[in-house]
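Some notes on the structure that comes next.
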Amino acid sequence: MTPRRRIEPGPGQESVWDYPRPPRVDPTTAHVVVELAGRVLADTRHPVRVLETSQAPGYYLPVDDVDTSLLVPSDRHTSCEWKGRASYWSLAVGDLVVPDAAWSYPEPRPGFEAIAGHLAFYPQLVDACWVDGERVQANDGDFYGGWITSKVVGPFKGAPGTWGW
């Protein structure tokens with residue numbers, strides 16, 4: 001069910017209500033940067049977006065463009081009906097440890113092979129995420145790791161009261 005207050009996209013914008021379900025993988029050449037505690041965790045021009053109805057895009061970054069020395073494997077695993085089993089990573093920068101701030105799909109299901117060898121970051125758990133120089137706003141809540149920029153409009157699923165959308 002689409003919420004009654006759907007925002008119509010303007011020129012150059014996308015509505016998350018036009019994204020498909022099941023989700024689709026969308027390669028992009030956007031310049032993406034992730035920062036924590038004064039360190040650049042990731043810097044890439046080869047991210048992959050996952051687009052799903054009602055959700056801000058999730059950005060998956062090639063592991064080759066991530067400072068893996070700051071990643072600590074977590075015991076946490078979750079399952080996505082579309083993408084498969086996710087593994088989580090904590091971030092460690094000096095004395096700062098941020099549990100389960102990144103995730104990956106080591107063996108994604110068919111249709112999502114493009115995210116294998118990629119990591120996604122929760123923007124709400126790092127200091128800043130950037131897409132083409134624009135600072136990302138994290139979606140509300142702690143379940144979805146969507147990246148909100150001026151190029152995407154909602155409303156976005158994740159905040160209290162949105163689970164039934």
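Coordinate-derived values only; no laboratory data. All values derive from a computational prediction rather than experimental measurement. Heads up, the Cβs are rebuilt from the backbone with ideal geometry, glycines too, and the neighbour counts pull from every protein chain shown.
Applying the Karplus relation 6.51 cos²θ - 1.76 cosθ + 1.60 with θ = phi - 60° to segment 149-155 yields 3J(HN,Hα) values of 10, 5, 8, 9, 10, x, x Hz, where x marks Gly and Pro. Between segment 116-165 and segment 1-80, the alpha-carbon centres lie 7 Å apart.
Only alpha carbons enter this Debye calculation for the chain, each as an equal point scatterer, and the log10 of I(q)/I(0) it gives at q = 0.10, 0.14 Å⁻¹ is -0.34, -0.69. A simple spin-label model places pseudo-atoms 7 Å from Cα toward Cβ; at VAL63 and ARG45 they are separated by 2.4 nm. Taking label points 7 Å from Cα along the Cα-to-Cβ direction, THR53 and TRP82 give a separation of 1.0 nm. Comparing PRO23, SER90, GLY58 along the charge dipole axis of segment 19-165, the residue lying farthest to the positive side is PRO23, per the Cβ-charge model. Taking amide H as placed 1.01 Å from N in the peptide plane, the amide H of ALA42 sits under 5 Å from that of VAL34, ASP67, each at least 5 places away or on another chain. Close amide H partners of ASP127, meaning residues 5 or more places away or on another chain with modelled amide H under 5 Å apart, are GLU35, LEU36, ALA37. Assuming charge only on the beta carbon of Lys and Arg (+1) and of Asp and Glu (-1), the dipole of segment 4-117 about its Cα centre is about 480 debye to the nearest 20. Here the Karplus relation 6.51 cos²θ - 1.76 cosθ + 1.60, evaluated at θ = phi - 60°, turns the backbone of segment 129-141 into coupling constants of 10, 10, 10, 6, x, 9, 5, 7, 9, 6, 6, 5, x Hz, with x for every Gly and Pro.
In loop segments of segment 52-151 as defined by DSSP, the GluC sites (Glu not before Pro) with at most 15 further C-beta atoms inside 10 Å of their C-beta are GLU81. Between THR29 and ALA114, full extension at 0.36 nm per residue minus the direct alpha carbon distance yields a gain of 29.2 nm.
Segment ARG135..SER74, full-extension length gain: 19.2 nm, with 0.36 nm per residue of separation and the alpha-carbon distance subtracted. Panel order for HIS118, HIS77, HIS31, by other beta carbons found within 10 Å of each beta carbon, from fewest to most: HIS77, HIS31, HIS118.
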